[in-house]
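The values are calculated or read from the model by the stated rules, or taken from the named source; none is laboratory data. What you are looking at is a predicted structure, and each value in this text was computed from that prediction instead of being measured. FYI the Cβ positions are ideal-geometry reconstructions off the backbone, even for glycines, and counts take in every protein chain you see. The area values use the complete protein model at the heavy-atom level, side chains included, leaving out ligands, DNA and RNA. Shrake-Rupley method; radii C 1.70, N 1.55, O 1.52, S 1.80 Å.
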Amino acid sequence: MSQDAPPAWFTQAISFPYQTREVEVAGCTLRYLVWGEPDKPPLMLVHGGAAHAMWWSAHACELSHHYYVIATDLSGHGDSGRRETYPIEMWAEEVMAVGEDAAAGRAPVLVGHSMGGLVSIVAAALYGAERLAGAIIVDAPVRRPDPESMEGKGGRAFREPKTYPDLETARAHFRLIPPQPCENGFIIDHIARHSLRQTAEGWTWKFDPRIFMRVSTTSVRDYLVRVRCRVALMRGEFSAIVPPETGEYMRELLNRNAPLVEIPQAHHHLILDQPLAFIAALRALLSDWEHSVPRR
């Protein structure tokens, strides 16, 4: 982990006030966070596999100037409850239920990273423009003919999480999957601290390893071609998960009606290694959507 002092923008961001709330969805208690004023347009941030809502805490402050920012721990993640199985359709239902609870029925824009992007694709296909104002899919792969794993090769790395004797030892073992460089050690350290829980045996990761056992019968590719709301795609320039050909394939499935935005000098975890560029690109997309009509 980097020992350099974090920049002022980050210190301000993570000290920005937020509220913690809970809602029950299909027998499971979900924890979610909100930033900003509830009368602003709702913007819902959906984390990736084995991650949690606090992955977005460095972004929520800036985004809350214009939006009511919502981020949930999906079931099996963070401080939310666990289920016996985790079909992607259930995660999509959870996202919609949290949005309904937080924004009093107003249609949010979804922003989903990695696995959260695939969850957002399913939500956009199942619930469409009637309940969503749009979906922005951030470095989430739909490959030819279809990905078998929602996180590429990452799922196998999480299936046997270890337990450590103390918090600092556990935190030192935090790794990004797939491996990539990230100069923002202060962000990695922050999210690592929120990724751990204490048990009788020691400190271990919060996620349920069963989240990577696929149970859905419909492919994400089939959901992508059925998306029924405005959508945009975003990828990292050096992403190992969504290379250029994968991004173009996804645009083809959307009849080339969705913009594909590439974040320079970014890898798969672009929200961590290029957070300010990500925020700027996201705000530009959302601003355009507020003043334009989608192509049919």
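Residues in the range 239-267 that are open to solvent by less than 20 Å² (accessible area, probe 1.4 Å) and in contact with a His (Cβ under 9 Å, 6 or more places away or on another chain): how many?
Of the residues in that region, 3 qualify.
Checking the structure you have, find out if any residue of the range 124-131 is at pLDDT 95 or above and open to solvent by less than 40 Å² (accessible area, probe 1.4 Å).
Yes, the range 124-131 contains at least one residue that is at pLDDT 95 or above and open to solvent by less than 40 Å² (accessible area, probe 1.4 Å).
Which of the residues spanning the range 19-40 are surrounded by fewer than 16 Cβ atoms within 10 Å (Cβ to Cβ), of a type outside the set (D, E, K, R) and out of contact with any Ser or Thr (no Cβ under 8 Å at 6 or more places or on another chain)?
Of everything in the range 19-40, those that are surrounded by fewer than 16 Cβ atoms within 10 Å (Cβ to Cβ), of a type outside the set (D, E, K, R) and out of contact with any Ser or Thr (no Cβ under 8 Å at 6 or more places or on another chain) turn out to be Gln19, Thr20, Ala26, Gly27, Pro38.
Need pairs with beta-carbon distance below 8 Å; first residue in contact (Cβ under 8 Å) with a residue 24 or more places away in the chain and within the range 81-95, second part of a helix (DSSP H, G or I) and of a type in the set (Phe, Trp, Tyr); sequence gap 6+ or separate chains.
Correct list of pairs: Ala92/Tyr127.
State which residue pairs qualify: first residue of a type in the set (Lys, Arg) and open to solvent by less than 40 Å² (accessible area, probe 1.4 Å) and inside the range 171-198, second residue outside any helix (DSSP H, G or I) and modelled with pLDDT of 95 or more in any location, beta carbons under 9 Å apart, and separation of 6 or more residues or different chains.
Partner pairs satisfying both residue conditions: Arg171/Tyr164; Arg171/Ser195; Arg171/Leu196; Arg171/Trp203.
For the range 199-224, how many residues meet the condition of being β-branched (Val, Ile, Thr) and crowded, with 16+ Cβ neighbours inside 10 Å?
The number of residues fulfilling the criteria is 3.
Regarding Leu74, is this residue in contact with a Gly (Cβ under 8 Å, 6 or more places away or on another chain), more than 19 Å from Met250 (Cα to Cα) and at pLDDT 95 or above?
The answer is yes for Leu74.
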